[in-house]
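Trainee: One structure, as structure tokens, below. Some questions next.
Bear in mind these aren't lab numbers, they're just calculated from the coordinates by the rules spelled out. The shown structure was predicted, so the numbers you read here are calculated from the model rather than taken from an experiment. Here Cβ is always computed from backbone atoms with ideal geometry, including for glycine, and neighbour counts include all displayed protein chains.
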Amino acid sequence: MIGYFQTIYRGFADTFKGLAVTWRHLFKPSITVNYPLAKLKPYERFRGALLFDAVTCIGCNLCVKACPSDCIALENQKTPEGKKIAKVNWYSIDFGKCNFCRLCEEACPTKPKSVWHSLDYETVFYARNQMSRIWQQGNPWMGTYYDAGEKIYKTPEGDQIPIEEIPSRR
Amino acid sequence: MAELATPPPPPTPAPAPAPKPPANVMPPEKAVPAGIRKVFAKHTEGTLLPNRLWPTDVWPNPWKSASYRRGALVLSALILAGTGAAFFLREIGVPLAALRETLHRFAEANLPQVPSWAAEAVWILAKALVVLHIILFNGLFLVWWERKISAHMQSRLGPIFTGKWHGVLQTAADGIKLLLKEDAAPKEKDSWLHSLAPALVFVPVLICFTPVPWGRDLEAANLDAGVLYIFAWAGLSVLGIVLAGWASANKYSLLGGLRSAAQFVSYELPRSFSLVPLIAIAGSLSLTKIAGYQEGYWFGFFPKWFLFYPVVGQISFVIFLIASVAETNRTPFDIAEAESELVGGFHTEYSGMKFSIFFLTEYAYVLLASCLLTTFFMGGGAAPLPFLSVLPSWFWFLGKTLFFMFCFLWFRWTFPRFKIDRLLDFNWKFLLPWSFVNIVLALPYIYLWKL
């Protein structure tokens with residue numbers, strides 16, 4: 001008999017405990033933000049989309065070798081005699097393969113890093129060929145992509161906020 | 001075979017047209033092309049704060065956040081504005097009665113050719129329309145409110161864009177969407193019953209609102225058997241739900257319909273029996289009389305609400321509240337439409353307007369249950385303290401109803417769902433016996449106070 005009333009008491013007590021939890025959360029500020037209008041800046045070590053600076057790159061191939069998913073490719077510039085020099089002719093990252101591991105950035109010997117993770121978490125692609133970003137001398141850090149249909153290079157599309165303007169470039 | 005040894009060339013893009021000689025150091029703003037910067041400037045301006053706190057950092061003291069303070073201010077202002085409006089509007093039962101008199105006198109004086117009951121018929125039609133629109137607007141408001149409450153209980157924001165201010169028009173937009181949607185239904189459906197079911201669900205709830213006393217002299221009709229009337233009609237809704245399950249030709253719908261039949265029929269018993277003490281003490285089945293009986297104060301300040309009758313009132317209240325949540329088919333008793341088990345339950349195969357009628361009915365039942373809780377246990381339109389009767393009765397009725405509606409939302413977003421066997425066990429082995437015990441406990445009240 002006592003056990004019966006204890007069960008009832010416990011049931012009601014736990015019920016009110018649960019209600020108290022939701023009541024407390026009702027008056028806490030929400031942890032989400034109003035996304036397209038307000039955006040959170042990730043922490044400094046966040047690994048967003050990769051950026052590349054063709055000016056500082058010495059074309060040493062270390063990032064290509066460090067990449068575990070084989071998404072980086074590059075080609076050095078050559079002198080008229082056909083000798084490679086420490087400048088990059090083109091550099092490409094396939095974001096379809098990239099797993100955002102930062103190994104390429106760690107391998108990069110230049111100072112500041114020539115390839116590094118931005119804080120941009122809004123990298124979107126409307127077509128498969130947009131996933132492959134290509135950089136040449138004079139391109140912005142965001143890079144370009146090759147439109148196979150129109151056979152021209154284009155700047156990436158998409159609702160991208162330039163979070164990489166605050167780069168965590170080391 | 002020599003070619004195989006050499007690594008295949010990388011997917012070489014065609015070399016670009018010779019770019020202009022690069023500057024020594026690229027300025028950081030060149031990271032993003034100017035075109036993209038221009039297009040999205042309106043999105044980025046002032047929103048991406050470099051030193052912005054993460055929302056969880058605000059939790060220890062939310063009052064530091066300016067938006068939190070502003071929200072609290074707006075909420076208080078809304079409540080104050082409502083109270084002020086109620087204070088200046090006074091009792092709206094009085095001008096409405098005057099309006100009815102005017103209508104009758106106008107009909108007698110100017111329209112001698114129409115029969116004498118025509119004016120009253122027009123008046124009844126107007127009342128029915130008002131009640132219908134209360135249900136419709138309740139749907140609009142309550143769906144939005146539920147979405148906001150659930151969002152904030154889960155630390156989200158909920159609808160925020162539609163209607164400028166916290167997504168107030170979100171439900172209206174959804175309603176328009178549902179209205180324009182294709183009515184997709186299974187080919188094997190029993191098309192007559194499939195169409196009949198939503199109507200059969202909705203009409204009883206509309207009728208149920210007839211005897212609800214919204215305030216002093218504000219009920220659509222003062223029925224002598226109001227309690228019986230409401231429970232009788234509300235019991236018919238289950239027929240529509242079972243029909244919906246049957247007519248959909250879908251096993252999930254059928255299971256949902258049968259489950260809801262078991263649930264409705266079971267929970268109607270404790271729901272009615274928990275009211276027996278109240279009916280015996282108040283000595284009437286009329287909702288207006290029951291509400292009127294609870295007006296007044298013990299010791300001059302303590303409201304004579306049935307909720308505050310020692311032991312009996314509280315047991316009645318708890319049983320009635322739990323059974324009401326079950327009758328409205330909401331979590332933790334929503335096994336009839338258990339999303340994780342039965343897809344959508346009885347309304348799996350409904351879409352567009354038919355589905356929205358089921359939806360509307362659910363919220364109308366929430367409103368009805370809140371109104372009944374207010375009437376039976378919180379004294380209807382009676383003010384909680386004597387000096388507060390400067391505010392009209394409809395304001396207090398509305399306030400208490402909103403409080404109970406909030407409780408319904410609160411329960412829904414707190415508790416997990418019962419299993420079907422636990423649900424029935426809980427009813428037959430706990431609620432029903434205790435509602436009988438409660439009747440016995442009420443005997444002293446009835447004999448000592450009434451005789």
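Trainee: Between A:Lys17 and A:Lys87, how high is the FRET efficiency from 1/(1 + (r/R0)^6) when r is the Cβ-Cβ distance and R₀ = 60 Å? Nearest 0.05.
Mentor: Rounded to the nearest 0.05, the efficiency is 0.35.
Trainee: Hey, which of these cross-link pairs are over 25 Å Cα-Cα: A:Lys41/B:Lys64; B:Lys251/B:Lys354; A:Lys39/B:Lys164?
Mentor: Pairs exceeding the cut-off: none.
Trainee: A further question on this structure: Name the longest site-free stretch of chain B, where the excluded sites are GluC sites (Glu not before Pro) in a DSSP loop with no more than 16 other beta-carbon atoms within 10 Å.
Mentor: Value returned for the longest uninterrupted segment is B:189-451.
Trainee: What's the FRET efficiency of A:Tyr43 with A:Val124 using the Cβ-Cβ distance as r and R₀ = 22 Å, to the nearest 0.05?
Mentor: On the way: r = 22 Å, r/R0 = 0.98.
The calculated FRET efficiency here is 0.55.
Trainee: Something else: Find which of B:Leu391, B:Trp413, B:Ser351 sits farthest along the positive direction of the dipole of the stretch B:298-451, computed with +1 on the beta-carbon of Lys and Arg, -1 on that of Asp and Glu, about the Cα centre.
Mentor: Result: B:Leu391.
Trainee: Between A:Tyr4 and B:Val168, what is the label-point separation in nm under the 7 Å Cα-to-beta-carbon projection?
Mentor: For B:Val168 paired with A:Tyr4, the spin-label model returns 5.3 nm.
Trainee: Report, in degrees rounded to the nearest 10, the 0 to 90 angle that the Cα long axis of helix B:170-180 makes with the longest principal axis of chain B.
Mentor: Tilt of helix B:170-180: around 90 degrees.
Trainee: Please compute the contact order of chain A in relative form: average sequence separation of alpha-carbon pairs under 8 Å and at least six residues apart, divided by the residue count, as a percent.
Mentor: Over chain A, the number comes to 22 percent.
Trainee: Return one number: the angle in degrees, 0 to 90 and rounded to the nearest 10, between the long axis of the Cα atoms of helix B:251-273 and the longest principal axis of the Cα atoms of chain B.
Mentor: 40
Trainee: Quick check: net charge around B:Leu142, other residues with Cβ under 14 Å of its Cβ, Lys/Arg +1 and Asp/Glu -1? Let's see the in-between values first.
Mentor: Numbers: positive: B:Arg147, B:Lys148, B:Arg330, B:Arg412; negative: B:Glu146, B:Asp174, B:Glu362.
In short, +1.
Trainee: Related question: Using the Cα centre of the stretch A:50-165 as the reference point, and only Cβ charges (+1 on K/R, -1 on D/E), how large is the resulting charge dipole? Debye, rounded to the nearest 20. Mind showing how you got there, number by number?
Mentor: Details: 13 positive and 15 negative charges, 123 e Å.
Dipole magnitude for the stretch A:50-165 comes out near 580 debye.
Trainee: Another one. By how many degrees, 0 to 90 and rounded to 10, does the Cα axis of helix B:226-247 deviate from the longest principal axis of chain B?
Mentor: 40
Trainee: Another one. Cα to Cα, under 27 Å, and not fewer than 8 places away if on the same chain: which lysines meet these conditions relative to A:Lys65?
Mentor: A:Lys78, A:Lys83, A:Lys84, A:Lys87, A:Lys97, A:Lys111, A:Lys113
Trainee: Rounded to the nearest 20 debye, what is the charge dipole size of the protein assembly as shown about its Cα centre when +1 sits on each Lys and Arg Cβ and -1 on each Asp and Glu Cβ?
Mentor: Dipole of the protein assembly as shown, to the nearest 20 debye: 1840 debye.
Trainee: Measure off 7 Å from each Cα along the Cα-to-Cβ vector at B:Ala225 and B:Tyr447, then give the distance between these two points in nanometres to one decimal.
Mentor: 3.0
Trainee: Can you find, among A:Cys98, A:Thr15, A:Cys67, the residue farthest towards the positive end of the dipole of chain A? Put +1 on the C-beta of Lys and Arg, -1 on that of Asp and Glu.
Mentor: A:Thr15
Trainee: Here is a follow-up. Evaluate the distance, in nm, between pseudo-label points positioned 7 Å from the Cα of B:Ala77 and of B:Val390 along their respective Cα→Cβ axes.
Mentor: Output for this residue pair reads 2.4 nm.
Trainee: Apply the a/c threshold of 1.5 to the C-alpha gyration tensor of the stretch A:50-165 and tell me whether it is rounded, prolate or oblate.
Mentor: It comes out oblate by the Cα gyration axes.
Trainee: Please work out how much length the chain gains when fully extended from B:Leu103 to B:His133, using 0.36 nm per residue of separation minus the C-alpha to C-alpha distance, in nm with one decimal.
Mentor: Details: separation 30, 0.36 × 30 = 10.80 nm, distance 2.15 nm.
My answer for the length gained is 8.7 nm.
Trainee: Turning to a different aspect of this structure: For the stretch B:308-426, give the magnitude of the charge dipole about the Cα centre (Cβ charges: +1 Lys/Arg, -1 Asp/Glu; no others), in debye to the nearest 20.
Mentor: 360
Trainee: Would you work out which of B:Leu443, B:Gly283, B:Thr361 lies farthest towards the positive end of the dipole of the stretch B:191-450? Charges go on Cβ: Lys and Arg +1, Asp and Glu -1.
Mentor: B:Leu443
Trainee: Here's something else I'd like to know. Place a point 7 Å from Cα of B:Lys289 in the direction of its Cβ. Which residues in the stretch B:220-261 have their backbone N less than 11 Å from it?
Mentor: Under 11 Å, as judged by backbone N against the label point of B:Lys289, lie B:223-227 of the stretch B:220-261.
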